[in-house]
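**Student:** Structure provided below as structure tokens; questions to follow.
The values are calculated or read from the model by the stated rules, or taken from the named source; none is laboratory data. Note that the structure is a prediction, hence the values are computed from the model and not measured. In this analysis, Cβ positions are derived from the backbone assuming ideal geometry, glycine residues included, and neighbour counts consider all displayed protein chains. Only protein heavy atoms, including side chains, enter the accessible area calculation; ligands, DNA and RNA are left aside. Shrake-Rupley method; radii C 1.70, N 1.55, O 1.52, S 1.80 Å.
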Amino acid sequence: MMVDPTLAEMGKNLNEAMKILEDGRKASEPDADRRQFSRCSIPGPLQGDGQDVASILQLVQNLMHEDEEEDKPSHRMQNVGEQGHMALLGHSLAAYISVLDRERLRKLITRIASDTTLWLCRLFRYESGSAYYHEDDREGLLKVCRLVINTRYEDYSTEGYTVLNSRQPVIYQSATCRPGLGQHLCSQLGLPLSSLCTVPCNTMFGSQHQMDIALLDKLIREDVETGKLPLLLIANAGTPGAGHTDKLGRLKELCEQYGMWLHIEGVILATLALGEVSSPVTAATRSDSMTLTLGPWLGLPAVPAVTLYRHEDPALSLAAGLTSSQPVEKLRALPLWLSLQYLGHDGIVEKIRHAVELSQQLLEKLKTLASIKTSVEDELNSPVVVFRFSQETSAESSGGSVEGYFAGEREVLDSLNRWLCERLAQLVPASGVDIVELEDEGTCVRFTPLMTAAALETQRCDVDLLVERLTELVPVLNCTLRLRLDFREEVYRHSALSYIEDLSWPGLGAVRYEPRIEELNDSKRQLEVEKINSELLVKLGDLDADLIFSTGLEFGPEKDCIFIGMATEDLDVAELVDMIAALGRDIEENGRLLENMTEVVRKGIQEAELQLQKDNQDKLMEEGVLRQIPLVGSVLNWFSPFQSTVKGRTFNLAAGSLDSTEPTYSMKAQTGGLASPETPTSSAKRLPGQRLFRREGAGGSDSHSETSSVGQAEDLSRERVPQPTPPYLVPDEAVSMAPEISETPQVPAKPEPTQENGEVGTQEGEQEERQPEGQEAPVEETGR
């Protein structure tokens, strides 16, 4: 068998290129050299000798991964299997085939286009259809609109847009169509927005995501009576949001009645390839055109979308751009032609069936979960599953509905469902779940395996894992929603705390500590609030607790607040709020103490200097002049020891006063008593291993940890109590309060307790141990 050497070399180069790029993507951590090159490389002039293929591919790899960082998880890329290699090979082959001679090129592209069109029409049961291949999935509908305009306005090819003034064309679309689709058509066709009519969905009968056919009929009759021309109707076989299907059979009858063109698009069109198809979807085969997006359905990268249509006039199709006289443009079908042959009929059907089975598997398991509400039109065949967290289900058992039990519940549930989807996407990335906003239901989680399973290789075990993670997260959502009210009430009980109402925050709530400073102006007060809450957030983050404290959403409206994350069943809300208030109060008091410390120390030093002068004079008067003479004083002190009545002094920073040391040594205790500081919570009662903010006896998993100990519980207790400010020492010249001692040695008859006395040193050690936390230790002032 003869093989074209160019084709063989092309396949070899493609395999090597994909291997290089995939090896770089699968690397667990990009090397430093590559990161440095990708971030610092600046485009320069072309090299004179050029570069080899390996160097160019290495450059491409670096550019693909230049935004990756070590501390951030890399996003999961689409898996490119053998069928993906065939699609990529098609693009290379298209460039090679385009250089063939004209006759061979014509024969080849005719075969490729006819084969691909025939396979797709048979696969999706669309008889006698033609195909248009396009990169933008809206381009096919745009060409179809041009075809309909050329068909309905006979003089359009010669007169142009002037013929539209006689009868204004009208395009009808459902309210659940893709956002911006109708506006895109009007802008590309040069039509005013008045030519676009959006038909609402059912409000009383039928699905709330289906087009209201009775209202559509009324709108068409009104347009005909006003001289307008109903041109085209866009229907859905699987709405972009919830995956619902319009009543296609009834819509087709209505289009035939008014001579309109029916175009259908949607993900459920993929089920036409299955053996068993529901009757609402089968009606899509009678439409005038429909758009298929085979790339996501089959996991094929860079393959075009296909619009199948029926029309008998090739000249009008050519005028509308659905067919082309340029052979190269027909090569768009080549990647799809190669991929369809590689997969085969059975392989294509198996991929679509596998995606539908994944949806059915998830739907069956969701029915058993409380507080989870699903929104599925056809439970037997729908490949799209939309669900959301709601307490309506769990509230029915208690005889009432939770809906409306507090203001803004809809916004809170939307934020919780948004958090739920983000967590599920992180925990089970192979599931491919995403967020969808529905008009009636609000924020929901959407599972569309037809659009993601082939690329992410989603399996049944991934669905089981998704349900398992969902089962773990639902109690957290229930507890958070229930404790939000308790948290708000507890915050209101503290005058120093302000409750921040932020319905978009998926968590317990937000709080701000307000300092009790009234003499400051607004700007200084704002700076003080920001400073205190920033320090408070750091202290809360250092606690050994399961809660998450943050500054909230990045672009949230509230600033200088502390946002508390999701809560569990055993959370003690009262203890949490008390801790926040106590830590904030401690930070505020310490800040005031530091601000006033300079003035307190200055006044204390002045008072100490006055006391020194007075004590020196008293000492001189008591001892007399003879005892001040060096030799005489020593002899006199030897025969007649003198005991001075001048006592030492201590400088209390907390009170800002000078106190005598006599009560200290006589009573063996500091002045001021042993009153313990106020503690925010009863940490002494905490069980070994019990974490912060957990109720005793609650069913939390962390209440009795195997790795916990009594020492750890004591550490937690100490962390929850605000640490006292360390005492500040007074300069030596200020604390030497005892009078100056003469050089003559003195023999005391009954020595005073001093630091040289070992017994007193022991007493002082005991005194320090009994010093309560939060009480500033006085600084002894002595000249000895």
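**Student:** So Gly633 passes all but one of these: (1) more than 17 Å from Glu609 (Cα to Cα); (2) at pLDDT 70 or above; (3) open to solvent by 40 Å² or more (accessible area, probe 1.4 Å). Which condition number does it fail?
**Tutor:** (3)
**Student:** In segment 150-189, which residues are of a type in the set (Phe, Trp, Tyr) and open to solvent by 80 Å² or more (accessible area, probe 1.4 Å)?
**Tutor:** Once the filter is applied, which keeps residues that are of a type in the set (Phe, Trp, Tyr) and open to solvent by 80 Å² or more (accessible area, probe 1.4 Å), segment 150-189 yields only Tyr161.
**Student:** Tell me yes or no: at least one residue of segment 541-558 is over 30 Å from Val474 (Cβ atoms), at pLDDT below 90 and assigned to a helix (DSSP H, G or I).
**Tutor:** Yes, because at least one residue in segment 541-558 is over 30 Å from Val474 (Cβ atoms), at pLDDT below 90 and assigned to a helix (DSSP H, G or I).
Residue-wise test of (1) modelled with pLDDT of 90 or more; (2) closer than 30 Å to His85 by Cα; (3) not acidic (Asp, Glu).
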site: Trp297; (1), (2), (3): yes, yes, yes
site: Leu300; (1), (2), (3): no, yes, yes
site: Pro304; (1), (2), (3): yes, yes, yes
site: Arg310; (1), (2), (3): yes, no, yes
site: Leu318; (1), (2), (3): yes, no, yes
site: Leu331; (1), (2), (3): no, yes, yes
site: Leu336; (1), (2), (3): yes, yes, yes
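**Student:** Taking helices (runs of 4 or more DSSP H) that do not extend beyond segment 278-397, which have at least 2 residues that are open to solvent by 60 Å² or more (accessible area, probe 1.4 Å), farther than 30 Å from Pro475 by Cβ and not basic (Lys, Arg)?
**Tutor:** Filter on segment 278-397 gives 279-282, 314-320, 334-366.
**Student:** When residues of segment 425-439 are filtered for being of a type in the set (A, V, I, L, M) and either over 12 Å from Leu465 (Cα atoms) or loosely packed, with under 15 Cβ neighbours inside 10 Å (or both), how many remain?
**Tutor:** Summing the residues that are of a type in the set (A, V, I, L, M) and either over 12 Å from Leu465 (Cα atoms) or loosely packed, with under 15 Cβ neighbours inside 10 Å (or both) in segment 425-439 gives 4.
**Student:** May I pose another question? Of all residues in segment 95-149, which are of a type in the set (Lys, Arg) and either open to solvent by less than 40 Å² (accessible area, probe 1.4 Å) or more than 27 Å from Val277 (Cα to Cα) (or both)?
**Tutor:** Correct list: Arg102, Arg104, Arg106, Lys107, Arg111, Lys143, Arg146.
**Student:** Do we have any residue at all in segment 219-239 that's assigned to a helix (DSSP H, G or I) and within 25 Å of Tyr133 (Cβ to Cβ)?
**Tutor:** So far as segment 219-239 goes, no, none of its residues is assigned to a helix (DSSP H, G or I) and within 25 Å of Tyr133 (Cβ to Cβ).
**Student:** Please determine whether any residue of segment 485-496 is in contact with a helix residue (DSSP H, G or I) (Cβ under 8 Å, 6 or more places away or on another chain), modelled with pLDDT of 90 or more and open to solvent by less than 20 Å² (accessible area, probe 1.4 Å).
**Tutor:** Checked segment 485-496: at least one residue is in contact with a helix residue (DSSP H, G or I) (Cβ under 8 Å, 6 or more places away or on another chain), modelled with pLDDT of 90 or more and open to solvent by less than 20 Å² (accessible area, probe 1.4 Å).
**Student:** If you don't mind, another one. Take segment 440-459 and flag every residue that is out of contact with any helix residue (DSSP H, G or I) (no Cβ under 6 Å at 6 or more places or on another chain) and either assigned to a helix (DSSP H, G or I) or open to solvent by 10 Å² or more (accessible area, probe 1.4 Å) (or both).
**Tutor:** Asp440, Glu441, Arg446, Thr448, Thr452, Ala455, Glu457, Gln459
**Student:** Taking Ala574, is it outside any loop (DSSP other than H, G, I, E, B) and either of a type in the set (Lys, Arg) or within 24 Å of Val474 (Cα to Cα) (or both)?
**Tutor:** yes
**Student:** Give the number of residues within segment 485-544 that are hydroxyl-bearing (Ser, Thr, Tyr) and more than 17 Å from Val573 (Cα to Cα).
**Tutor:** Counting residues in segment 485-544 that are hydroxyl-bearing (Ser, Thr, Tyr) and more than 17 Å from Val573 (Cα to Cα) gives 3.
**Student:** Considering (1) modelled with pLDDT of 85 or more; (2) open to solvent by 50 Å² or more (accessible area, probe 1.4 Å), say which one Arg525 fails and leave the rest.
**Tutor:** Going through (1) modelled with pLDDT of 85 or more; (2) open to solvent by 50 Å² or more (accessible area, probe 1.4 Å) one by one, Arg525 breaks only (1).
**Student:** Would you pick out the residues in segment 202-259 that are open to solvent by 10 Å² or more (accessible area, probe 1.4 Å), under 30 Å from Ile435 (Cβ atoms) and among the acidic types (Asp, Glu)?
**Tutor:** If the condition is that a residue be open to solvent by 10 Å² or more (accessible area, probe 1.4 Å), under 30 Å from Ile435 (Cβ atoms) and among the acidic types (Asp, Glu), then Asp212 is the only one that fits.
**Student:** Right, here's the next one. For the list (1) open to solvent by less than 10 Å² (accessible area, probe 1.4 Å); (2) outside any loop (DSSP other than H, G, I, E, B); (3) at pLDDT below 90; (4) not hydrophobic (A, V, I, L, M, F, W, C), I need the number of the one condition that His263 fails.
**Tutor:** Result: His263 passes all but (3).
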